[in-house]
Amino acid sequence: MSSKPLVFVTGNANKLKEVKAILSKGHPIEIESRDLDLPEIQGTPPQIATAKAHSASTHLSCPTLTEDTALCFTALHDLPGPYIKHFLQALGHTGLNTLLSGFEDKRAYALCTFAYCPGPGEEVVLFEGRTEGRIVPARGGGTFGWDPIFEVEGTGKTYAEMDIEEKNALSHRYKALAKVREYLISLDEKKKAES
C-alpha cells in the first residue's frame with residue numbers, strides 16, 4: 001500500500017465497528033474512517049461500488065475503501081438489491097416482509113461489495129461476499145438495518161439474534177472483507193519485497 005493511510009468511507013458507526021473487528025484479527029490492517037456524502041448512481045452492485053470508490057478516492061486524494069450492501073429477494077428478481085437502504089427507510093421491517101406476502105419463495109441473499117481504489121483515477125478492485133438466507137418477520141435486536149429480518153441459511157437465526165462473533169464469522173461483510181484482507185496483505189508483502 002502507499003504511505004498514505006487507507007481510508008474506509010462510511011458514516012455508519014455499526015458498520016465501522018464490524019469492519020475494524022474483522023480487519024484487526026491476525027495480521028491487523030489499520031484503517032481510518034471518513035464520513036463523506038458520496039453520490040450513489042443507479043446500477044448493478046459492481047457499478048455502484050466502483051463509482052463510489054472512484055468518487056471517494058478523487059475527493060480524498062488517497063487510497064480508499066468503500067462498501068455497498070444489497071439485500072436481494074429471489075421472488076423479486078433480486079430487488080430491492082442495492083436499494084435496500086431506501087426500501088428499509090420507506091417501508092420498515094414489516095413493509096419489507098409485506099413485499100413478499102404474495103410469494104411462497106422467501107429466499108434472499110445478502111451481498112456485500114467492497115471497492116478498493118489506490119488513488120485518484122486508478123483502477124478499482126472489487127471484493128464480493130454473499131450469504132444465503134430467507135426473509136422472516138423481525139426477530140432479535142433492531143440496532144443494525146435489516147438484520148432482524150434476514151435469517152441465515154442453516155442457522156435458524158437472524159443476524160440480529162447472533163452475537164457479533166457469530167455474525168462476523170459468516171456474514172456477507174466478513175466474506176468480502178476476508179478477500180480485502182488477503183489482497184491488502186499481498187500488496188504490503190509485495191511492497192516490502194520491492195524495498
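The values are calculated or read from the model by the stated rules, or taken from the named source; none is laboratory data. These numbers were taken from a predicted model, which means no experiment stands behind them. When we count neighbours, we look across all protein chains shown, and the Cβ atoms used for this are built from the backbone with ideal geometry, even at glycine. For the accessible areas, the whole protein counts, side chains as well, though only heavy atoms, and no ligand, DNA or RNA atoms are used. Shrake-Rupley method; radii C 1.70, N 1.55, O 1.52, S 1.80 Å.
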Please give me the summed charge of the neighbours of TYR174: other residues whose Cβ is under 9 Å from its Cβ, Lys and Arg +1, Asp and Glu -1.
+2
Give a residue-ordered list of calculated ³J(HN,Hα) values for region 125-131 (Karplus: 6.51 cos²θ - 1.76 cosθ + 1.60, θ = phi - 60°; whole Hz; x for Gly, Pro).
10, 9, 9, 10, x, 9, 10
To the nearest Å, what is the center-to-center distance of region 19-90 and region 120-158, using C-alpha atoms only?
13
Have a look at PRO63, ALA49, LEU99 and report the one farthest towards the positive end of the charge dipole of region 7-194, computed about the Cα centre with Cβ charges (Lys/Arg +1, Asp/Glu -1).
LEU99
For helix 172-194, report the angle its Cα long axis makes with the longest principal axis of the Cα atoms of the chain; keep it between 0 and 90° and round to the nearest 10°.
10
Using the heavy atoms of the protein chains alone and a 1.4 angstrom probe, what is the accessible area of the chain per residue in square angstrom?
51
Could you give the nm distance between label points at ILE41 and LYS17, where each point is 7 Å from its Cα heading toward the beta carbon?
3.4
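Ignoring any ligand, DNA or RNA, what whole percent of the accessible area of the chain comes from carbon and sulfur when the probe is 1.4 angstrom? Intermediate values should be presented prior to the final figure.
Numbers: 5140 of 9880 Å².
The nonpolar share, carbon plus sulfur, comes to 52 percent.
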Hey, what do the phi angles of region 40-47 turn into as Karplus ³J(HN,Hα) couplings, whole Hz, using 6.51/-1.76/1.60 and θ = phi - 60°, x for Gly and Pro?
10, 6, 8, x, 7, x, x, 5
Peptide ranges 13-20, 112-119 listed from the most packed, as the mean C-beta count within 10 angstrom indicates
112-119, 13-20
